[in-house]
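The values are calculated or read from the model by the stated rules, or taken from the named source; none is laboratory data. Everything numeric here is computed off the predicted structure, so don't read it as measured data. Don't worry about glycine lacking a Cβ; one is built from the backbone with ideal geometry, like all the others, and counts go over all protein chains shown.
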Amino acid sequence: MSVTGYLHSVKINKANCRGCVACVKTCPTDAIRVRNGKAEIIENRCIDCGECIRNCIYHAAVAETDKVSGLEQYEYNVVLPAPSLYAQFPADVSTEIIWQGLHALGFDEIFDVALASEYISLEIEKIVTDPNNKRKPMISSTCPAVLRLIQVKFPELIPQIVPVLPPAEASAIYIKKQLVSKLNIPEEKIGVWFISPCPSKGTNIRQSVDVLKTEITGSFSVSEVYGKILKNLGKESALEQKVTTASSYGMGWGGYGGEIRSAGLKNAIAVHGIKDVYDVLEQISLNKMPNLDYVECSACEGGCIGGALAAENRFVAETNLKQRIVKMRTSEPATRKETLETTMVCEDFPTSSKYIKKLLPRPMMQLDDDIVEAMKKFEQMEEVLRALPGLDCGACGAPSCQCLAEDIVQGKANEIDCIFKLRSSVRKLAHGMVELSKQIPIAAENDDFDLENELTNSNAGGEEDEG
């Protein structure tokens, strides 16, 4: 999908917005402003992490997703459930029951994303443990919000991102190729749908930052599909095809640390939550972790199970997922290698190198296209910033004084948007008016001019006119 500009799933419903600046203060890339009492998203800064959705108590920040009715446009529909979907249900609700619920919604076939995760895990293991690889630590590439954060805030870390496909995309490439051959129908008549726990994955389908050409048709939110599956639980709905399942290692990708465990990495850490991810990326940028092999990054707290579009509380989902994994482990071989060998049975599974594209920097603060003009504006911005209080209170509608200074230089805000500068200006104006009131009118200094008599005569004249 070739697109100029930026596409985003996250939107602001201005009818619900109260201008409370909660979203402004929680956005990790300073992508939101409150202007004229309503929040606005700066598109070239937004990474669709969903923090604004998570923190808006008025539900003004929303994510656009596809509707299940879109299945009608395709002759054959495949759904890609991820571990984050299974985590919405207690462990005693089997995957077969969940699949039946999906089948009842109108999906013809189911391909488990957790299975693709295991293939991607082996690629990650091979790249990270390669003795010729000197880029340390490597950074996971499975969270699109993290990739976009690196684009706009830490472009110097792009070479350290592990070059592998997201499991959902690898699933789509594989299953579509298989179905075109098996069903003998054109690929444009096959709909491949992902059930997404967060807006960033939906955005990455519409405008991918890491895949040359997406094979995913669209996405539905976990919360929407969860509700529909609940209505169908217990209803008999036979599956036409056998679903190839993953092991506990693929299922573990739904929570933080699952990627590392599945890839068999020891010298690695898992970071979850956009604030902690930001902090760790900053430390890597400063070369504070040169002896670490791998960093698994998830923008959502708890991993994908904590996504802004999930249905269950993340702690409930984490408990469900852990219990499901424990239950799966009881019937699996003792070692990771043996377990993966029993589940990874897909022939010709796509290798990432053929499908990924190079991640490119995306400048966040560009004051002007002309470098000379940009330098002038930067100097102006520094001057304005020195005059601001530096409290970063957010009352102006910008997240920080620096952002307000940038907005002022760009002509999108005024200095008196700062409540402290406004108060100072009002105080000066009031003081000036007091001083002005003490001044004697120039006309009153003329001996031939009697102000009191002039006012009396004027009033008398007015009364006569009225008479």
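In the range 305-320, the count of residues that are in contact (Cβ under 8 Å) with a residue 40 or more places away in the chain, assigned by TED's automatic domain parsing to the domain that holds SER247 and of a type in the set (Lys, Arg) is zero. The criterion of being touching a Phe, Trp or Tyr at 6+ places or on another chain (Cβ under 9 Å) and over 20 Å from CYS304 (Cα atoms) does not hold for PHE89.
Yes or no, residue by residue, for (1) among the aliphatic types (A, V, I, L, M); (2) assigned by TED's automatic domain parsing to the domain that holds ILE47; (3) within 26 Å of VAL243 (Cβ to Cβ); (4) in contact (Cβ under 8 Å) with a residue 12 or more places away in the chain:
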| position | (1), (2), (3), (4) |
| --- | --- |
| ILE97 | yes, no, yes, yes |
| ALA104 | yes, no, yes, yes |
| PHE111 | no, no, yes, yes |
| ILE120 | yes, no, yes, yes |
| LYS126 | no, no, no, no |
| MET138 | yes, no, no, yes |
| SER141 | no, no, no, yes |
| GLU156 | no, no, no, yes |
| PRO159 | no, no, no, yes |
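Taking the range 357-467 as the region of interest, the helices (runs of 4 or more DSSP H) fully inside it that hold 2 or more residues being modelled with pLDDT of 80 or more and either over 30 Å from ILE161 (Cβ atoms) or in contact with a helix residue (DSSP H, G or I) (Cβ under 9 Å, 6 or more places away or on another chain) (or both) are 371-387, 401-409, 419-437. Taking the criterion of being buried (at least 24 other Cβ atoms within 10 Å of the Cβ) and in contact with a strand residue (DSSP E or B) (Cβ under 8 Å, 6 or more places away or on another chain), the residues of the range 261-298 that qualify are ALA263, VAL277, TYR294, VAL295, GLU296, CYS297, SER298.
The numbered conditions (1) closer than 18 Å to SER117 by Cβ; (2) out of contact with any Pro (no Cβ under 9 Å at 6 or more places or on another chain); (3) not charged (D, E, K, R) are all true for TYR294 except (2). Cβ separations smaller than 6 Å between residues 6+ apart or across chains give the following pairs from the range 252-265 residues that are in the same structural domain as GLY302 (by TED's automatic domain parsing) to residues that are at pLDDT below 95 and of a type in the set (Lys, Arg): GLY264/ARG336. For first residues located in the range 48-62 and free of Cβ contacts under 8 Å to residues at least 12 places away in the same chain and in the same structural domain as PRO28 (by TED's automatic domain parsing), partners that are among the aromatic types (Phe, Trp, Tyr) and surrounded by fewer than 18 Cβ atoms within 10 Å (Cβ to Cβ) and lie 6+ apart or on another chain with Cβ distances below 6 Å do not occur.
Being over 32 Å from the mean Cα position of the chain (by Cα), among the polar types (S, T, N, Q) and not assigned by TED's automatic domain parsing to the domain that holds CYS23 is true of SER437.
Per-residue answers, yes or no, for (1) assigned to a helix (DSSP H, G or I); (2) surrounded by 24 or more Cβ atoms within 10 Å (Cβ to Cβ):
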residue	(1), (2)
SER117	yes, yes
ILE120	yes, yes
GLU125	yes, no
ASP130	no, no
ARG148	yes, yes
ILE158	yes, no
LEU165	no, yes
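Residues of the range 63-95 that are free of Cβ contacts under 8 Å to residues at least 24 places away in the same chain and either of a type in the set (Ser, Thr, Tyr) or closer than 28 Å to ARG18 by Cα (or both): SER69, SER94. Could you check the range 309-354 and list, in sequence order, the residues that are modelled with pLDDT of 90 or more, part of a loop (DSSP other than H, G, I, E, B) and touching a helix residue (DSSP H, G or I) at 6+ places or on another chain (Cβ under 6 Å)? The answer is LEU309, ALA310, ALA311, GLU332, PRO333, PHE349.
Residue count for the range 252-300 satisfying the condition of being closer than 13 Å to PRO28 by Cβ and not aromatic (Phe, Trp, Tyr): 12.
Of all residues in the range 178-207, those satisfying the criterion of being surrounded by fewer than 20 Cβ atoms within 10 Å (Cβ to Cβ), without any contact (Cβ under 8 Å) to a residue 24 or more places away in the chain, part of a helix (DSSP H, G or I) and not acidic (Asp, Glu) are GLN178, VAL180, SER181, LYS182.
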